[in-house]
Amino acid sequence: MDHSKAPVLDALRAYHAENQTPFTPPGHKQGRGADPRVRAVLGDAVFLSDVLATSGLDDRMSSKGIVEHAQELMADAVGAEHTFFSTCGSSLSIKAAMLSVAGPHEKLLVGRDAHKSVVSGLVLAGIVPIWVDPQWDAERHLAHPPSADAFRAAFAEHPDARGALVTTPTPYGTCSDLPGIARVCHEHGVPLIVDEAWGAHLPFHPDLPTWAMDAGADVCVTSVHKMGSGLEQSSVFHLQGDLIKPEVLKNREDLLGTTSPSVLVYAALDGWRRQMVEHGHALYDDALALAKSVRARIADIDGLHVHGRDDFCGPGRASDMDPLQVIVDITALGTTGYRVADRLREKHHINLHLSDHRRSSAQLTHADDEASADALITALAEAAAHADEMRPAPEIEVPDPAELRLEQVMLPRDAFFGRTEQVPWEKAVGRVTAEMLTPYPPGIPAALPGERLNAEVLRYLRSGVDAGMVVPDAADTEVKSIRVSIED
């Protein structure tokens, strides 16, 4: 296929050249109706490219197949059989994939380190989750993806499960044994869904971890806005094999997706695919070299430790890691990752990615260069030199791994939509949560609907919020009260 073409971008160029006059949404009519103060901030180009996908970019019948052609090019670029664009982020794409595999009251094996969007899919569909435990690093208080043996054991106990879902890479950059998990699924004749939201770049360089399709997954969901050049909310999901029919996956996406997709998002996806095919290998040569340099320079700063393969990979841990996720342990500074991140934003106007009680992380991509790397190093060095100003940090009561693992006693859907009440957090011990309680990022629920709460998880969340943790999906974001099920 001719990857020098970008069908969506070419169609937008033609739309502008033809000077088409819309009597359709969007109502700003190429920006003419937009407030000049808005245009001054967003720019005219945003409004000029914000057109309808049909009766705009394409004709009323979509006879030119513009988006379809762009999706075919994307599939060819990465070696998938089918690719679908989503303008509602991977939160929608992962739900569509789940609903293609399992329905109400059917079982799906799910790694317990799943993103909150997976839990939302369970709630919407009424799927029965069979949780597969991650591999816990008790020393570092960190979860790595579940092992292939853990999925094999879950299938042995639940042979009627309709499939499995695993998250890899994690927001910490750790990767599962995807080939092994795919083999386990296919031995049982069921598909593997991979939430690869953090892996859009993986197909484009051999020194990056193996991406899901090459590892044998059936459906892979990826957020191009995370590690690629897509706009926010840009997602694609790829399909291969015959365990899920493409028309079923498209039907599920249509059920959940918008009828007003953003051509801006489509155009950025289209252009990113062309960029990666033509220049991706060279861009990631540079990005990986920069990451190696950044890691070494951070490691030279007193009080900072950069996690590498020796920390994250090996028996009982991850199978691989993405070196572009630079995870910095700041335990020796005697403060929290939250305070380090806040200082870098306040003092240096630098936004770090993920922070927890003992780490902060910097996400590098092909867009970074020596200037951005220098700014990061300078800011981290300043923070480390002034660590005394971030002490004493409030203590976060992090439970042992076994105490973090709550018992699922109700279907997530039943707990979420059932009768509920709001109770003080101290009185929620032993109650069944009716909401997600999710430190964000990384967006992995500490408690989810249908799980029975214990004192350890509640103290972790309560002390975490006092220390700077953000729990945005709770009814009470300070976690001083909890929404729980009213049990008969």
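The values are calculated or read from the model by the stated rules, or taken from the named source; none is laboratory data. Predicted model, so just to flag it, every value in this text is computed and none were measured. Counting neighbours? That spans all protein chains shown, and the Cβs are built from the backbone with ideal geometry, glycine included. Heads up: the accessible areas ignore ligands, DNA and RNA and are worked out on the full protein's heavy atoms, side chains in. Shrake-Rupley method; radii C 1.70, N 1.55, O 1.52, S 1.80 Å.
Quick look at the numbers
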{"item": "The chain - percent of accessible surface contributed by carbon and sulfur, probe 1.4 Å", "result": "50 percent"}
{"item": "Computed FRET value (nearest 0.05) for residue 62 with residue 349, which takes r as the C-beta separation and R₀ as 51 Å", "result": "0.70"}
{"item": "Where labels lie 7 Å past Cα in the beta-carbon direction, separation of residue 207 and residue 20 in nm", "result": "4.4 nm"}
{"item": "Candidate aspartates and glutamates for bridging to residue 107, where Cα separation is under 13 Å - those fewer than 8 sequence places away on the same chain excluded", "result": "157, 160"}
{"item": "The range 313-347 versus the range 148-179: alpha-carbon centroid distance in Å", "result": "25 Å"}
{"item": "Fraction in percent of alpha-carbon pairs per bin - 5 Å, the range 235-318", "result": "3, 10, 10, 11, 12, 13, 13, 13, 9, 4, 1, 0"}
{"item": "Global geometry of the range 128-243, whether rounded, prolate or oblate, following the gyration tensor of its Cα atoms and the 1.5 cut on a/c", "result": "oblate"}
{"item": "Solvent accessible area, Å² - residue 347, 1.4 Å probe, full protein context", "result": "110 Å²"}
{"item": "Kirkwood Rh, angstrom, the range 333-389 [1 / mean 1/r, Cα pairs]", "result": "11.5 Å"}
{"item": "For the range 74-117 and the range 433-488, distance of Cα centres in Å", "result": "25 Å"}
{"item": "Accessible surface, 1.4 Å probe, highest first, among residues 42, 458, 243", "result": "42, 243, 458"}
{"item": "Residue 3 paired with residue 391, simple spin-label distance in nm, labels 7 Å along Cα-to-beta-carbon", "result": "5.2 nm"}
{"item": "Added length on full extension, which subtracts the Cα-Cα distance from 0.36 nm per residue, residue 400 to residue 138", "result": "93.6 nm"}
{"item": "Of 95/116; 5/95; 427/480, pairs whose Cα-Cα distance is over 19 Å", "result": "5/95"}
{"item": "Antiparallel DSSP beta bridges within the chain, percent to nearest 5", "result": "65 percent"}
{"item": "Pairwise label distance in nanometres, residue 106 with residue 39, each label 7 Å out on the Cα-Cβ vector", "result": "5.1 nm"}
{"item": "Kirkwood-type radius of the range 331-488, with distances r between different C-alpha atoms, in Å", "result": "17.0 Å"}
{"item": "Gyration tensor (alpha-carbon) shape descriptor, the range 198-242, a/c threshold 1.5", "result": "oblate"}
{"item": "Area accessible to solvent at residue 16, 1.4 Å probe radius, in Å²", "result": "80 Å²"}
{"item": "Global form of the range 253-363, assessed from the alpha-carbon gyration tensor, a/c cut-off 1.5", "result": "prolate"}
{"item": "Kyte-Doolittle mean at least -0.5 and Cα axial length at least 20 Å: DSSP H helices in the chain", "result": "263-299, 370-385"}
{"item": "Residue-normalised accessible area of the range 40-191, expressed per residue, 1.4 Å probe, Å²", "result": "36 Å²"}
{"item": "Cα centroid separation - the range 18-58 against the range 388-407, whole Å", "result": "49 Å"}
{"item": "Computed P(r) (all Cα pairs; the chain; 10 Å bins; percent)", "result": "4, 18, 27, 27, 18, 5, 0"}
{"item": "Solvent-accessible surface (1.4 angstrom probe) belonging to residue 131, in square angstrom, nearest 10", "result": "30 Å²"}
{"item": "Theoretical FRET efficiency, 1/(1+(r/R0)^6), r = Cβ-Cβ of residue 285 and residue 153, R0 45 Å, to 0.05", "result": "0.65"}
{"item": "Lysines with Cα under 28 Å of residue 292, excluding same-chain neighbours fewer than 8 positions away", "result": "226, 347"}
{"item": "Accessible-area order (highest first, 1.4 angstrom probe) of the listed residues 244, 486, 350", "result": "486, 350, 244"}
{"item": "Residue-averaged 222 nm ellipticity for the chain, from DSSP H runs of 4+ at -39500 (n - 2.57), nearest 500", "result": "-11500 deg cm²/dmol"}
{"item": "The range 154-305: projected area of the alpha-carbon convex hull, averaged over directions, in nm²", "result": "11.8 nm²"}
{"item": "Surface accessible to a 1.4 Å probe, per residue, for the residues of the range 327-369, Å²", "result": "41 Å²"}
{"item": "Compactness of the range 111-174 as Cα Rg over 2.2 N^0.38 Å, two decimals", "result": "1.16"}
{"item": "Gained length - residue 440 relative to residue 300, 0.36 nm times residue gap less alpha-carbon distance", "result": "47.5 nm"}
